[in-house]
Amino acid sequence: MPYDPSRKFTMDDLRAARESGAKVPMLTCYDYTTARLMQEAGVPSLLVGDSAANVILGHSTTLPIPLEFLIELTAAVRRGAPKCLLISDMPFGSYQASVAQGVKNVVRMVQLSGCDCVKIEAAGSHLRLIRRLSDAGIAVMAHVGLRPQSIGLLGKYKLQGRTAAEAENIVESASRLARSGAAAILLEAVPPEVSAAVVDSVSIPVIGCGAGPACHGYVFLAHDALGLTPRKPKFVPVLGDLATPMRDAFRGYVRMVQDGKYPAAEHNYERSPGEKSSGEKPIVEKFAEQELKPAVK
């Protein structure tokens, strides 16, 4: 189903998509220019993920990225895509200490970035936080399944819900989060049977990230899909190869400079025609003469 780019896509539209069976495309985005292009292409929803720690800052995990940096990125994406439903991640350390800390930082994110929804990697201890935020009118997307901020406990990123016990825990967690007021669920790296069970257990939209076709929408790292990262996860489709033409363009620039083709005449600025005279000394010579004049005593 095509989306009207002249009208803002909202949480209400996401809920309506669940009811109608329409599937909602979502992509990660971290900057104004890309956000503008994605909105022009008709992408209705964007996620400013803490994955910026990996693809923007070069960290091996998402843990180091600070709240203030994600606020700035989210605000930039908001300016580039004012009509998109904009979800921003709450980074590690910004909501784990207490409900009061979480509410304070989420409110700060919403006020300063203009996002429509925040995403929290949620566990049982976050039910009270989600209820408080919901009561305050803030939409929360609860992230379950693989939670990258738990890398210290997991040891490595891996598929979740492979056993009956794990699957049951994921379904129960999603159900409890929905009952606590979560506006949507993001389900990462689980088998399709688990995501189908989650969809059946909740009445809110479920966005899949490597979670099979039963979800109401899908999201992945745009950098992965465009060939800009070294390795692409199995669930990410190939949308293009931007790395090769970018490298070729950069190599072309290097050759232009080395061959003396840049800057050429067309790249230079001209002085105003009325300022030129045939007998005028070059500016460099005039400055050189001024440097040689003795100081007046």
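Quick notes on this one:
- Taken over the stretch 116-134, the criterion of being open to solvent by 10 Å² or more (accessible area, probe 1.4 Å), among the hydrophobic types (A, V, I, L, M, F, W, C) and at pLDDT 95 or above is satisfied by Leu127 alone.
- Selection status of Val171, without any contact (Cβ under 8 Å) to a residue 24 or more places away in the chain, of a type outside the set (Asp, Glu), buried (at least 19 other Cβ atoms within 10 Å of the Cβ) and assigned to a helix (DSSP H, G or I): no
- So Tyr32, is it modelled with pLDDT under 95, out of contact with any Leu (no Cβ under 7 Å at 6 or more places or on another chain) and of a type in the set (Phe, Trp, Tyr): no
This table checks each residue for (1) of a type in the set (Phe, Trp, Tyr); (2) out of contact with any Gly (no Cβ under 9 Å at 6 or more places or on another chain); (3) open to solvent by less than 40 Å² (accessible area, probe 1.4 Å).
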{"site": "Pro5", "(1), (2), (3)": "no, no, no"}
{"site": "Lys8", "(1), (2), (3)": "no, yes, no"}
{"site": "Tyr30", "(1), (2), (3)": "yes, no, yes"}
{"site": "Thr34", "(1), (2), (3)": "no, no, no"}
{"site": "Leu37", "(1), (2), (3)": "no, no, no"}
{"site": "Leu47", "(1), (2), (3)": "no, yes, yes"}
{"site": "Ala52", "(1), (2), (3)": "no, yes, yes"}
{"site": "Thr61", "(1), (2), (3)": "no, no, yes"}
{"site": "Phe69", "(1), (2), (3)": "yes, yes, no"}
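- Of the set (1) under 22 Å from Gln149 (Cα atoms); (2) aliphatic (A, V, I, L, M); (3) open to solvent by less than 10 Å² (accessible area, probe 1.4 Å), all apply to Leu73 but (3).
The values are calculated or read from the model by the stated rules, or taken from the named source; none is laboratory data. Note that the structure is predicted; figures quoted are calculated from it, not measured. Backbone-built Cβ (ideal geometry, glycine too); neighbour counts: all protein chains shown. Please note that ligands, DNA and RNA were not included when accessible areas were found on the heavy atoms of the full protein model with its side chains. Shrake-Rupley method; radii C 1.70, N 1.55, O 1.52, S 1.80 Å.
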